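The values are calculated or read from the model by the stated rules, or taken from the named source; none is laboratory data. Since the model is a prediction, treat every value here as computed from it, not as a measurement. Quick reminder, even Gly has a Cβ in these numbers, built from the backbone with ideal geometry, and neighbours come from all protein chains shown.
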Amino acid sequence: MKLNDLPTAPATAWTLARRAERMNPSVIRELLKLTERPGVISFAGGLPSPSTFPVAEFQAACERVLQDDGRAALQYAASEGYGPLREMVAAGLPWRVDPAQVLITTGSQQGLDLVAKVLVDAGSRILVETPTYLGALQAFAPMEPEVVGVASDAQGIAVDDLARAQREAPARFAYLLPNFQNPTGRTMSEARRAAVVQTAAALGLPLVEDNPYGELWFDVPPPAPLAARHPEGCLYLGSFSKVLAPGLRLGFLVAPPALYPKLLQAKQAADLHSPGLNQRLVAQVMQDGFLDRHVPTIRALYQAQRDAMLAALSREMAGLGVEWNQPAGGMFLWARLPEGMDAARLLPRAVDKGVAFVPGAPFFAGGPDGPEAARSLRLSFVTASRGQIDAGIAALAATIREQRQG
Ligand code: PMP
């Protein structure tokens, strides 16, 4: 039989699950490809500054852990996480936490995934800030929730709108980022935190508090977390990514005792446990209060970087009708282009001039939210050098000026 005479095999019938249809490539990751052209100054990424990674400390910790505890470090381990690390996490939080409530996760991103699996059915309502962290929307989406964007201002989520949304139909939880929010860099005020907690408690609305940036404050620490005010009504997510290194892929969640067993079962099914070697390395590095010495150096660097970007914006954007905020910590600044301008359309022109940012629209739940969303953009101030900040903001201003004229 000649090759051409072979009957054609039927195409293999891979059928996608409904939840897979809901999965989308991160708009930001797609955009980042555009910005990765050589020579482009990028304010687009969400990466911490690699200059802050404590490489020497991890090198020493590797030696130590492998020598003292190498076989346990390389063995399968408990899904809850490495005991001494869970104890350190509990002791480091500003409210009374039993280490038994701490679940070590593979980044706080996994915490978001576990929360969605345990708390969300198809059609469940989730209340989110406007705008909110895109990675959370991605983690929630496969569970087919109804994501409801709640009005928010510079102080955080609007309490009246939150209450109205909850009264309209009960949500499984409200997902909140009180400190140096991604993408806006804003901080929820003391008064707003108190009101959010009071409203949530009164309405029986569970809160999921995501706090990867809380330690990165500049002048003064932020107000106490929501979880510290209402521990039984709040599931708290933390991360080692911004205070040590994201490549460790380690975070944690603190769950009310009633919820913990289900989260643990979801964790077991997802990956058995987070890497035991990495957990021991972090515990070793954190011994003797290392973070108390290390984190202030990150704060000082990021504050100087923020100041450089604010100065460049004041200098270059004068008279252009661009507005921006002044974040009190974290890695991001939020800006608004002149009325009628669209950040997504501006991006390719900016990249041609050698600068990149992230358009704000994808962060608005339920799709771009009108002209306000289209005008907004996120600028990371932590990875570019001071010289790049000056040159990049000047290039962005030139792009906006041209667009206004064209
Ligand atoms: N939450 C927020 C708000 C974030 O910005 C990030 C990182 N970009 C994460 C969670 C996930 O962080 P990780 O998994 O590295 O802990």
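A few notes on this one:
- Restricting segment 208-237 to residues that are among the hydrophobic types (A, V, I, L, M, F, W, C) and crowded, with 24+ Cβ neighbours inside 10 Å, the residue that is nearest to Val120 (Cα to Cα) is Val208.
- Among all residues of segment 68-77, there is none that is of a type in the set (A, V, I, L, M) and more than 30 Å from Pro261 (Cα to Cα).
- Test result for Leu162, in the same structural domain as Leu119 (by TED's automatic domain parsing), within 17 Å of Gly330 (Cα to Cα) and surrounded by 17 or more Cβ atoms within 10 Å (Cβ to Cβ): no
- Some residue of segment 23-43 being assigned to a loop (DSSP other than H, G, I, E, B), touching a residue at least 24 places away in the same chain (Cβ under 8 Å) and in contact with a strand residue (DSSP E or B) (Cβ under 6 Å, 6 or more places away or on another chain): yes
- Condition check for Leu66: over 20 Å from the mean Cα position of the chain (by Cα), under 28 Å from Ala269 (Cα atoms), within 16 Å of the ligand (Cβ to nearest atom) and in the same structural domain as Ala269 (by TED's automatic domain parsing): no
- Flag for Gln67 being without any contact (Cβ under 8 Å) to a residue 12 or more places away in the chain, assigned to a helix (DSSP H, G or I) and either among the hydrophobic types (A, V, I, L, M, F, W, C) or within 23 Å of Ile298 (Cβ to Cβ) (or both): no
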